[in-house]
Amino acid sequence: MTTEAPPRALPRRESRKVAVSSSISPTKFGLMLVAPVAILLLATVVYPVLYSLYLSVQRVDPLTGAKSFAGLVNYSRALSDKATWWSLLITVYYTACVTLVSTGVALGSALILRERFRGRAVLVALIALPWSMSTYAAAVLWRYVYSPQYGLLAGLAERLGMDGVDFLSKSTVVPALAVVHAWQFAPLGAYFLLATLQSVPEDQYRLAKIDGMGVWLRFRHITMPYVRLPLAIFLVLVAGQAATAFDLIYFLTSGGPGNASRTLTFSVYETFFQNQEFGKGAAQSWILLILIIAVTSFYYFLIVTPRRSRGERKNT
Amino acid sequence: MRSRKRSVFIHTAAAALLVWTIFPIVWVGIVSVTYHAEFAQSHISLLPSHPTLSNYIRMLGSPAAGLDGRELSPIGNGPLILDGIVNSVIVAVLTTVIGMLVAVPAAYALARVAMRFRSSSLLTIIATRSVPPISTAVPFFALYNALNLTGTRAGLVIVHLTIVVPLTVWVGYSFFLNLPPSLEQMARVDGCSRWSAFRRIVLPAARPGLMAMAVIAFLTSWDEFAFALIFTTGTPTQTFGPALSGMFFLVSLPNEVAAGLVLGLLPPMVLAIVFSRYIRRVNFVSV
Amino acid sequence: MITGTKQVGVRIEAAVKSFGRGQRAVDSLDLDIRPGELLTVLGPSGSGKSTVLSLLAGLAEVDSGRIWFGDQDVTALPPEARKIGVVFQSAVLYPHLSLRESISFAPKLAGVPRDEINARIAEVAAFLQISHLLDRRPHEVSGGERQRAAIAKALVSRPTLLLMDEPFSALDAQLRRALRSQVVRLHREFGATTVFVTHDQEEALGMGDRVAVMRGGRLEQVAPPLELYRNPVNTWVANFVSLQPLNLLPVEYDAQAGEVKLCGETVRLAGPDRPLPATFTLGIRSENLRLRPSADGPLQVLTAEAVGEQVKYTVVAPDGTNVVALGGADQVFEPDAKVALAVDWPRAMVFDTETGARIVEGITV
């Protein structure tokens, strides 16, 4: 053992300069790692968004592709077009239906899966199936459920001696599509809500029973306060999904019958790629984007923000 | 008495949930093993009396015997469906590899490097996810026509990256966040530089998270339809989605389409089952 | 002691470190750590004690000031060049490696020959009783075993300075006590200068050769445990290092008569070593305060709680002040009993009421 002189006996001298190999600044190191993503997203998201903004104020000749500045003409054409408003209406209707059905199914599934029964673990795993498959595959799958010619429901109706119903007819097409959307998307919400429900202390329910609360009151005063925030987040996700749904509608109805399921997203697709009206399509897509931002931030500020800040205050 | 009623109710509800979840899938499975001849009778047969793999055999390019014993020729769209599956795999693998190379360092930096602009970078990256693909479709379409990228795998991989990268950054972010807090500090005390701590310690320690990121990247690319439809329909690089669409909207027999659909469901499902222990650890709300 | 261990003194000079919006985590800190000593750094959360450790480890750089290891200025030296071992709060072992691989990672990187590494691991692991666990992964062993492996990892590079950042705070009380004595024995065995950061008074006073008490980024006092306990520099330190409740009682002093008035009683002093102000604060720990029966009070027992073989009494003075005293099982007071205080005057501390600073050490009656 060697003992070096205690530091108090030290002469003050200049420190030796030492090359510090590993000490590049954390910000520099971090930005270096983030740079590839930044470049990629700049090129593939920011550029297209700006380009579509540019397109939306251009008049594009469908034959030659020549462009000229058109101001807000495309927007006014899009907005004065009854079809745009119809699509907007359908989009809102569809979004509302999907939100309602998805929330119901998700909450219902979570409440069932919270209980103990034989095969619960298998069922928990199985409900991931719809969510894990492609949306277009789910759409084709449900074609086999809804089809009046070869559909499962028609087949069952026939067995029961009833007339087959065409679920994809004008009056029922939007709710029918929403059911498919919910079938695919609700498992996500179910998992999310299940995790929350399992964190509710069992003692709260015991206490409530002692207090004489019935099933509904227990749900209302214990379950709901716990699931409100996760439910709100799920609603935001579902609404965003529903408002931009494309695959489902393309496969199941292509916007029909007539224009009964022609949502804004589908209308943008048709305007662009079938009618080749680039300017108007771009304008429509901007209306859609603004709608989505509005809906998302509405939910966010109404439900998520105040809850979260309240929660934070409680923690400090 | 009350608890018995309750138990009956719960089991009934669970059964309903099971039926709701798997019946559409089971039904398509049934349709795919039913002869068209039996299926096309006046009644919709719910259970085939002569289950058969002939639809699959014919989809894979061989003739097979029909219900009446006569030979049926291979399905015309079969090669397109099979090519579509191959193309989807190629595109998904490329997207996964490139996406991981880009997303992993970024997710790591955002989760664990005490850098400035951290939360703003994270928010910006996540915010790009709320841009609906249809809004970027036309600019890409115009750009791709100019650069001759339409109908190329590279073109589709690039648009898939725009969807996959923000998603995997977000998934990876939460994984890296959950590693032990002093991991890099320990590595530095042990003599690693920032970079070698990342490479030698953090990456191996985060292996389960990286697996989950990769699987999600693959599945997301596989599932994407709109861009694939716009950019690859009718080209040699057509992926499975548009190929299925092509077959579906042609006058095709439902039993044959069902076989094609089931074939296309297999790769992602096998992947999801094989790697389910990694996927289960993802915070699905973020996805 | 293990041969070849170099003991080094550490000196922190006028160190300043701020984070974020100019909050100073460490504010002009001077601290000498003697070669081979086990210094515990004690402070509440946010006192800057963990920052001191980061500065010593080289994981954070000082804004100004210097750090010396022996006669070497290490201020700008990266962690790997400082010859230190660190044990973090969360028992950092590499989750993807076996304990053996984790422990040997640093010496391997430093190019220590394989035989040498194996010999060192065998020695350290035997001492820490983890030899049978070396081929397991961190998640396959218990929290205490993980923490012992983390200590082994820190020791295996033969550090001249061992830094421990609240290593036991996530463990249960019994395990903490066992590990505490193990670290003390280990320090004796391996001899490296050790800095042990903790917020637990019992741990700091029980383990340290000396204890450095920190508060708000500043050093309040450095002293051996007993001295710290008997002669804290101010009321805050006195209170913070107390294991039992500390009474801080207002006292009036009549210099002419040489008498103090305490909770309605008048006590004659044999004389303080230094002049006392007319009013001051008397700090007296409950274990240095007994009760005696007294028919006319002036205090009254409020509650009596059993603490092992002793009883903790809360009594109330005529002016409403609550006083906490410990009593033996030999004399038990019922609630509402009238009592008087029996102060162990040499153990009493005299503080300035305004500043809280200690004025004199003990009083003779």
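Quick note: the coordinates plus some simple rules give every number you see, no bench work behind them. Just so you know, these numbers come straight off a predicted model, no measurement behind them. Positions of Cβ are generated from backbone atoms using ideal geometry, with glycine treated the same way; all protein chains shown enter the neighbour counts.
For segment A:62-193, the pair-distance distribution built from all alpha carbon pairs, in bins 10 Å wide starting at 0, is 11, 26, 28, 19, 10, 5, 1 percent.
Once you place label points 7 Å from the Cα toward the Cβ at C:A170 and C:V112, how far apart are they in nm? About 2.4 nm, to one decimal. The eigenvalues of the Cα gyration tensor, multiplied by 5 and square-rooted, give segment A:145-295 an equivalent ellipsoid with semi-axes of 39, 26, 11 Å from largest to smallest. Here r is the Cβ-Cβ distance between C:R185 and A:A83 and R0 is 60 Å; the resulting FRET efficiency, rounded to 0.05, is 0.10. Considered as an equivalent ellipsoid built on the Cα gyration tensor, segment B:79-279 has semi-axes of 37, 20, 13 Å, the largest given first. Along segment A:92-97 the Karplus relation, 6.51 cos²θ - 1.76 cosθ + 1.60 evaluated at θ = phi - 60°, assigns HN-Hα couplings of 5, 4, 4, 4, 4, 4 Hz to successive residues, with x for each Gly and Pro. Taken along the Cα-to-beta-carbon direction at a fixed 7 Å, the label points for C:D352 and C:E305 span 3.4 nm. Rg/Rh for the protein assembly as shown (Cα atoms only, Rh after Kirkwood) is 1.09. Seen from C:L175, the other residues with C-beta closer than 12 Å to its C-beta sum to a net charge of +3, counting Lys and Arg as +1 and Asp and Glu as -1.
Proximity of backbone amide H atoms, modeled 1.01 Å from N, is registered between C:M214 and C:L42, C:G43, C:E220 at under 5 Å, excluding neighbours fewer than 5 places apart on the same chain. Label 7 Å along Cα→Cβ of A:E158; segment B:12-38 residues with amide nitrogen under 19 Å? Flagged as within label range: B:24-38. Listed by chain and number, the lysines placed with their C-alpha closer than 28 angstrom to that of C:K312 are C:K261, C:K338; residues fewer than eight positions away on the same chain are left out. Here chain C is treated as a sphere whose radius is the Kirkwood value from Cα pairs; by Stokes-Einstein at 20 °C and 1.002 mPa s it diffuses with a coefficient of 93 µm²/s. Taking each DSSP H run with n ≥ 4 as -39500 (n - 2.57) and averaging over every residue of chain B yields -22000 deg cm²/dmol at 222 nm.
Between A:I290 and C:V360, the modelled label-to-label distance comes to 8.3 nm, taking each label 7 Å out from Cα in the direction of the beta carbon. Above 23 angstrom, tally the Cα pairs of chain A and express them as a % of all pairs, no decimals. For chain A, the fraction of Cα-Cα distances above 23 Å is 71 percent. Can you give the Rg/Rh ratio of segment B:2-72, where Rg is from the C-alpha atoms and Rh is the Kirkwood radius? Dividing the radius of gyration by the Kirkwood radius yields 1.25.
Within the listed set C:R210, C:R137, C:R292, the Gaussian network model of chain C (springs between alpha-carbon atoms below 10 Å) gives the highest mean-square fluctuation for C:R292. Each 10 Å bin from zero up to the one holding the largest Cα-Cα distance in segment C:141-245 carries the following percent of pairs: 13, 45, 32, 10, 0.
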